[in-house]
Structure formats: structure tokens, C-alpha cells
1. Just need a number here: residues in region 25-47 that are surrounded by fewer than 18 Cβ atoms within 10 Å (Cβ to Cβ) and either touching a Leu at 6+ places or on another chain (Cβ under 8 Å) or modelled with pLDDT of 95 or more (or both).
2. Considering only residues that are of a type outside the set (D, E, K, R), under 19 Å from residue 240 (Cα atoms) and open to solvent by 10 Å² or more (accessible area, probe 1.4 Å), which ones fall in region 63-82?
3. Does region 1-24 hold any residues that are touching a strand residue (DSSP E or B) at 6+ places or on another chain (Cβ under 8 Å) and either part of a helix (DSSP H, G or I) or surrounded by fewer than 13 Cβ atoms within 10 Å (Cβ to Cβ) (or both), and which are they?
4. Of the residues 98, 169, 124, 145, which is at pLDDT below 90 and either open to solvent by less than 50 Å² (accessible area, probe 1.4 Å) or closer than 29 Å to residue 327 by Cβ (or both)?
5. Do we find a residue being more than 27 Å from residue 271 (Cα to Cα), among the small types (Gly, Ala, Ser) and free of Cβ contacts under 8 Å to residues at least 60 places away in the same chain anywhere in region 23-36?
6. Can you name the condition, by its number, that residue 162 falls short on among (1) closer than 18 Å to residue 50 by Cβ; (2) open to solvent by 40 Å² or more (accessible area, probe 1.4 Å)?
7. Given the criteria open to solvent by less than 50 Å² (accessible area, probe 1.4 Å), among the small types (Gly, Ala, Ser), in a loop (DSSP other than H, G, I, E, B) and at negative phi, does residue 217 qualify?
Amino acid sequence: MEFITEDNYQEKMEQIVLPFLAKRREAGTFERVPGQSLYYEHYADDTCTSTIVLLHGFTEGIGRFYETVYYFLLNGFEVYLLQQREHGRSYRSTSDPSKVNIEDYHDLVEDAHRFVHAIVFEKSPLVYANVHGQGTGTWILFGHSMGGCVASRYIELYPEDFPKAVLTSPMLDLNSGKTPYLLARTVIRNLKKRGHGSDYMPGAGPFKQEPDFADASTNCEARYLYWFRQCQADEKLQMSGATVNSAVSFDDMIRDAKRKENLKKIKADTLLVQAGSDRLIPPKGQEAYAKGSDKVKLVRVENAPHEIYRATDPILQEYWNKVLLPFLTKQ
């Protein structure tokens, strides 16, 4: 597979990737909760034989995965991307474009479930054919970071929906920094009880208009700057900070995902890709999740940043050629 390398990256995205995707894009919206519209995009062509449903991470927009979608299409996978609530063009409970306010993590899981059944299973001829024993491909749930935790709960709550799942850098633990985890957990829950649920978490705030690669979740400056410029130009992409509600919801989701009784429900063959140099997500939660189910295989990509899919060329190519594609194409 020919990769989009980081030299002259923006030019390659604009001249190769975006025109390729534009010819294969279908966009739409749906509502699970009346009045709360959720945006999605679908990419496919006649070469596709399998289907991937992709759930992005915290503060991410769909466009951040366009390079990833490009590679999926080149390898025969149609892709559905759900813009999760409180992100991008989907429903927002606040007028602050920087704030991500998840009041109940179950909304994220149920949004994805409705999306899969109302849009993917109904509109995708590939999934329809496979569900009815007429196809040769498969359908896969793919989640990154926050989306990885949403996907982990999805395959526990709805084990019959997907035969395969991929969790990259899944949010299965929280980094509380210098504050002990139990103390941090108590503090955020007390803040919510005192009526501060929709406030920014301490230390979080509005989108910063100046790039800060040193604090980025990728180690590839070209890929970082390309997406940062997209955010500068579009207010809807400027998600940057969690509310107290979100922090409590994420803590609940992580704890539920790792419960033994929930892990036993997993039926999907699941690949958990751990980033060896992840500064955001501690590895212990991912390792506990993998140990809790014989359906989960953990693979560690050494030196990879949290956003493996936007890493430097050598790491990105290792991730695709040695980890991701062998799992996705294995029958």
C-alpha cells in the first residue's frame, strides 16, 4: 500500500486524499433523541467488500480520520463515521464550541447502536449481504480513545452486532496527573453534586488559536499542523475541553467496561492496540481489559503516540502493515 508521507503532507492531502474521498462520500444526519441531530459520513466504492464503523475520540472531528479512511478504502473497506454528540456538526448542549459536555455516557453507546441499526445495517448492501449469508466480507467496529471505550461498552452490551472490533489507544483508564486517582474522582463527583457539571474541568478551557505541538497527542508535526489549521478555520472543530459532566461520565464508562461480568459478554474478536508512548491513557486499564476476556488480543506498538493513526511515517506504516491489516483481513 502506498502511504501519504509527512513531507509536503498538506499538498498530498489536498491533491490526492480529499478528491479521492469526495467522489465516494455520502453525508447525512439522524436522530435517536428528537431534536438532537447526529451527523455522519459514509465512504464506499465498487471495490469494497467489508464494512467498518468508526467512532472517533474525545474532541476529534470526522475529518481527522480522512487519511485513515483513505487507507481503508484502498484496502477494500467501506467506512461509516459517526460524529458523536457534543462534537463537530452533531448535537451540542452548549453554545461554547470548545466545550464537550457528555452528561451520560450511555447516550454515546445508544447513539452508536441506533446508528448501526438505522443507518449501517439498513443502508449498507455489504452488511445486508453478510448478515443474510450472501457476502464474503465482514463488518467491524473501530473505536479510538474515547471512541474505543464507547466501542468496548458497545460490544459488551450488544455482543451480536459485530463479529470483529478494533480498539486503538482506548480510554480504559484516566490520567489524573499528580493527583491520586481516588482523590481526583472524589473531587469531580463533588463538583457535579454542587451544580458545576456543565463547567470546564479544572485546567480545561477554550480552544487556543496558536499551535502547541509540544503538547500534541501525535509525534508527527506535519499531520498535527494540517489538522490544527482545519480547526482554526472552522469553529465547529474547535472542541478542546471536557466539562465536569464529561469527566464523571468517562469515569463511569471506564469502570463499567472493565467489570468482569461485562467482559464475559464479549463475542467479537477484538484487537486492542496499545500505544507504547501514550501520554494520555495509562496502560494498566487496557491490560486489565484484555486479560478479562479471551476474545481480546492486546498488541503494543512501541514508541507510538496516543494518536497512532497520525504518527510519524515509520510508526504509521508499522501500525498498518504489521498490526491493523493482518487482523482486519484474517478470515
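1. To start, the set of residues in region 25-47 that are surrounded by fewer than 18 Cβ atoms within 10 Å (Cβ to Cβ) comprises 25-37, 45-47.
When the remaining residues are screened for being either touching a Leu at 6+ places or on another chain (Cβ under 8 Å) or modelled with pLDDT of 95 or more (or both), the result is 25-37, 45, 47.
Residues in region 25-47 being surrounded by fewer than 18 Cβ atoms within 10 Å (Cβ to Cβ) and either touching a Leu at 6+ places or on another chain (Cβ under 8 Å) or modelled with pLDDT of 95 or more (or both): 15 in total.
2. First pass over region 63-82, keeping only residues of a type outside the set (D, E, K, R): 63, 65-66, 68-77, 79-82.
Narrowing further to those that are under 19 Å from residue 240 (Cα atoms): 63, 65, 82.
Residue satisfying the conditions is 63 alone.
3. From region 1-24, those touching a strand residue (DSSP E or B) at 6+ places or on another chain (Cβ under 8 Å) are 21, 24; that's our starting set.
Matches in region 1-24: 21 only.
4. Numbers: 98 fails: at pLDDT below 90; 169 fails: at pLDDT below 90; 145 fails: at pLDDT below 90.
On inspection, the qualifying residue turns out to be 124.
5. Yes; the residues of region 23-36 include at least one that is more than 27 Å from residue 271 (Cα to Cα), among the small types (Gly, Ala, Ser) and free of Cβ contacts under 8 Å to residues at least 60 places away in the same chain.
6. (2)
7. Numbers: open to solvent by less than 50 Å² (accessible area, probe 1.4 Å): yes; among the small types (Gly, Ala, Ser): yes; in a loop (DSSP other than H, G, I, E, B): yes; at negative phi: yes.
In short, yes.
Residue by residue, here is whether (1) of a type in the set (Ser, Thr, Tyr); (2) within 16 Å of residue 144 (Cβ to Cβ); (3) in a strand (DSSP E or B); (4) touching a Phe, Trp or Tyr at 6+ places or on another chain (Cβ under 8 Å) holds:
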{"residue": "266", "(1), (2), (3), (4)": "no, no, no, no"}
{"residue": "270", "(1), (2), (3), (4)": "yes, yes, yes, no"}
{"residue": "273", "(1), (2), (3), (4)": "no, yes, yes, yes"}
{"residue": "281", "(1), (2), (3), (4)": "no, yes, no, no"}
{"residue": "285", "(1), (2), (3), (4)": "no, yes, no, no"}
{"residue": "289", "(1), (2), (3), (4)": "yes, yes, no, no"}
{"residue": "293", "(1), (2), (3), (4)": "yes, no, no, no"}
{"residue": "303", "(1), (2), (3), (4)": "no, no, no, no"}
{"residue": "306", "(1), (2), (3), (4)": "no, yes, no, no"}
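The values are calculated or read from the model by the stated rules, or taken from the named source; none is laboratory data. The shown structure was predicted, so the numbers you read here are calculated from the model rather than taken from an experiment. Every residue, glycine as well, gets a Cβ built from its backbone with ideal geometry; the counts of neighbours run over all protein chains shown. Note: accessible area is taken over every heavy atom of the protein model, side chains too, but ligands, DNA and RNA are not part of it. Shrake-Rupley method; radii C 1.70, N 1.55, O 1.52, S 1.80 Å.
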